[in-house]
Structures are given as structure tokens and as C-alpha cells.
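Down below is the structure, laid out as C-alpha cells.
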Amino acid sequence: MPSLTEWKVPPAFQPHDGDYGFDVDRVLSSVVGLHSIIPQDGFTAETLGTERAGNGVVIDDGLVLTIGYLITEAESVWLHLGDGRVMEGHSLGFDAVTGFGLVQALGHMDIEPLPLGSSAASRIGDRVVVGGAGGRTRSVASQIAAKQEFAGYWEYLLDEAIFTYPAHPNWGGAGLIANSGELIGIGSLQLERERGGKAEHVNMIVPIDILKPVLDDLRRFGKVNRPPRPWLGMYSTEIDNRVVVIGISGNGPAARAELKTGDVILAVKGEKITSQAGFYRKLWALGPAGVDVPLTVHHEGVTFDVVLASTDRAKLLKGPRLH
């Protein structure tokens, strides 16, 4: 596999000036590389690794917006600028609800911030750029392929995520740039979808509009000033209108309740669930973290009721800024 310095997006998939209403090189200079180091004993070290690399976008003087999983529990963050400089950054905060993370550069970046646009104004079929650190050779000329609800297996839900095609191969923290030259989302995942009998990769992008209500809190407090959601420490997926447990987080409420992979969650507090999104909405409607969560579970032919004592996931994470 080629190293990061050798790797380039094929020219046919790179953004070209005449295709957009902005100066491609100038706008992409606002995208930086990000490299973080996480302690070996961090709660997320086993699932997300102790070294994480991706992208971030400068949105204010020295302020870099990225996807939160790149900096969760980070003890050090390094920013790689387009002119070859490497600068230390400080992990300002992370919001598990939206998925965004913020890094403050500990030095003068001299990079023009990218203005925030409106993700709600974007339309399926819009021509966009998914911008990575390194300019147009690390960026993909893309289109908005879909805008729809997204439920993640890690107790995460977006009412309307943005999906782009073709996919960026280094999507984490990449900037979704509208034809106006404004930032309308941050890259989170690469997923596979079937179209015309063929599998193709798309990027899932977190829309910028959900950042705007929480940005001030993230900057000031390192977290959003709202009651934390109840967290169960349960990884799940939706199969044939059933929510199936595919993993259990150590030290979490689901592990303490001895739930197991393969369990099917039938109901929350007696209310039947048929989708992952419905499961999360019913769970979070019970109250803030700490609330008891009554579940009806099916396991190997047996149906039973169990009550989980939910918790605040942030309490398990290292770093005072997340508490």
C-alpha cells in the first residue's frame, strides 16, 4: 500500500476549477491533516486505535473542525499544514450526539478559514468537493447521492445525513464543500450501497447545520451544555425489522446486565421496536443518563425482560475536557 505522501486521487476524479464557482486551490488550502495519539488504556483505544489520522477544516482563527472519533481521548494532536509545517493542537472538545470534534492550533496557522454554509440548502445531484488535506490531488469531485436518516451501531443517529459519490478514500474529517465554496459537512464514514446490481462506495457526511447550535458550547466548555443521553454500551444493527445486538462494550450497562451478541431487542419499556432509529429514539426519550432502561429481549428461543442502569458515556473517557 502506498504511503500517504505518494497516494493521490486519480486525475479524472480530482476537482477542476471550471466545474465550481470558487477557486479550488484557495478553498482546499483550508483543509489540514490531523494526527492524534491516544493512551493505551483509553476507553476507545481498543475499538478506534491509539493512533488516528484524518483531516480537519479551519473554520475560524486557528480553530479546526473535524470528526470527533479522531480526537476522542487524545493526549496529543498534530496538525499537518499544506505548506509542510506541523503544528501542535489542543483537543478542545467532542460531541457524541452530533459527532463533531474541535481542535485549537497552538500556533499561528495563517490559513484563511472556510465559511460555514447551509447543508439544508443542498440538493441531491449537487456538484460538491470532498476535500482532503493536500489540495486537489487528495480531494474528490463528488455529487450528493442521497440525504436521509442514518443510524450508527454505536448508539448514534442523524435525522438527515448527507451521502456523496464517488467516495473519498481518506474520508475521516474531510470537508464537504458546496459550489459556493462554503463548508456544508464533515466526513464520517465510508459505506457500501447497491445500485444497478453493483456495489459502490459512498461517504456518509455529518451536515454542518447541526454544528451551529452547539459550536459556542464546544468552544467554551469542551462539551455541549445539555443533559447527557442514556448510554447502554451496546452495538446493534437492524436485520429484517429487528434490532440485533452485534457487540457489547466492556464496562457498559449492557455488559453488566449480561446481554450477549445475538440478542434481539424487542421493546423499550413495553413499546415494540422495529428499527434501530426507533430503538434510539425510545431509549433517549426515557430521560437523561442514569435513567433505568427496561428492555424486552429475545435470546435463543427465550423472551425475557431486563432493566439496564444507563450511564453517561463521557464518564468512561479520558481527558478532563470531556467530563
Highest to lowest packing among 272-279, 135-142, scored as the average C-beta count within 10 Å: 135-142, 272-279
Within the chain, how many Lys pairs sit with Cα atoms under 28 Å apart, leaving out pairs fewer than 8 places apart on the same chain? 23
Quick one: which residues, 5+ away or cross-chain, put their amide H under 5 Å from the amide H of Gln143? H built at 1.01 Å from N. Val128, Tyr165
What is the magnitude of the charge dipole of the chain about its Cα centre, with +1 placed on the Cβ of each Lys and Arg, -1 on the Cβ of each Asp and Glu, and no other charges, expressed in debye to the nearest 20? 400 debye
Rounded to whole Hz, the Karplus (6.51, -1.76, 1.60) HN-Hα couplings of the stretch 197-202, x for glycine and proline: x, 10, 8, 9, 8, 10
For Lys198, Lys8, give me the order by solvent-accessible area with a 1.4 Å probe, most accessible first, ignoring ligands, DNA and RNA. Lys198, Lys8
Ignoring ligands, DNA and RNA, please state the percent of accessible area on the stretch 95-178 from carbon and sulfur, probe 1.4 Å. 51 percent
Determine, from the Cβ-Cβ distance of Val97 and Glu6 and an R0 of 30 Å, the FRET efficiency 1/(1 + (r/R0)^6), rounded to the nearest 0.05. 0.20
The chain: calculated mean residue ellipticity at 222 nm from DSSP helix runs of at least 4, using -39500 (n - 2.57): -2000 deg cm²/dmol
Tell me, in nm to one decimal, what length is gained between Phe221 and Val291 on full extension, where the rule is 0.36 nm per residue of separation less the Cα-Cα distance? 22.8 nm
Note, the stretch 77-83: 3J(HN,Hα) by Karplus (6.51, -1.76, 1.60, θ = phi - 60°), whole Hz, Gly/Pro = x, goes 10, 10, 10, 9, 8, x, 8
Checked the stretch 172-323 against the a/c 1.5 cut and the a/b vs b/c comparison, axes a ≥ b ≥ c from its Cα gyration tensor; verdict oblate
Ordering of 292-298, 304-310 by packing [mean C-beta count within 10 Å, highest first]: 292-298, 304-310
Identify which of the listed values of P(r) over Cα pairs in 10 Å bins from 0, in percent was calculated from the structure shown: (1) 6, 26, 32, 24, 10, 2, 0; (2) 7, 27, 35, 20, 7, 2, 1, 0; (3) 6, 27, 35, 24, 7, 1, 0. (1)
With everything on Cα atoms, drop me the angle between helix 276-285 and the longest principal axis of the chain, reported from 0 to 90° to the nearest 10. 70 degrees
Can you tell me the relative contact order of the stretch 1-120? Whole percent, Cα pairs under 8 Å, sequence separation 6 or more. 24 percent
Whether the stretch 1-140 is rounded, prolate or oblate, judged on the alpha carbon gyration tensor where a/c under 1.5 counts as rounded: prolate
Modelled label-to-label distance, Glu112 and Arg242, 7 Å Cα→beta-carbon offset: nm? 5.6 nm
For Asp17, placing the label point 7 angstrom along Cα-to-beta-carbon and taking the stretch 82-99, residues whose amide nitrogen sits under 16 Å are none
Overall dimensions of the stretch 134-232 as given by Cα atoms, namely Rg and Dmax in Å: 15.1, 49
Once Rh is set to the Kirkwood radius over Cα pairs, what Stokes-Einstein translational diffusion coefficient, in µm²/s, holds for the stretch 81-181 at a temperature of 25 °C and a viscosity of 0.890 mPa s? 159 µm²/s
Shape call, the stretch 25-90: gyration tensor on alpha carbons, a/c limit 1.5: prolate
Separation in nanometres of the label points that stand 7 Å from Cα toward Cβ, at Gln190 and His298: 3.6 nm
Quick one: compute the contact order of the chain, relative version, from alpha carbon pairs under 8 angstrom and 6+ residues apart, as a percent. 15 percent
Convert each backbone phi in the stretch 104-118 into a coupling constant with the Karplus relation 6.51 cos²θ - 1.76 cosθ + 1.60 (shift: θ = phi - 60°), then list the ³J(HN,Hα) values in order as whole Hz, x for Gly and Pro. 9, 5, 9, x, 8, 7, 6, 10, 6, x, 8, x, 7, x, 10
Distance between the stretch 49-97 and the stretch 203-273 - C-alpha centres, whole angstrom: 24 Å
Per residue, how much accessible area does the chain show when a 1.4 Å probe rolls over the protein heavy atoms, in square angstrom? 46 Å²
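The values are calculated or read from the model by the stated rules, or taken from the named source; none is laboratory data. These numbers were taken from a predicted model, which means no experiment stands behind them. We place every Cβ from the backbone using ideal geometry, glycine too, and count neighbours over all the protein chains shown. These accessible areas exclude ligands, DNA and RNA; they are computed on the full protein's heavy atoms, side chains included. Shrake-Rupley method; radii C 1.70, N 1.55, O 1.52, S 1.80 Å.
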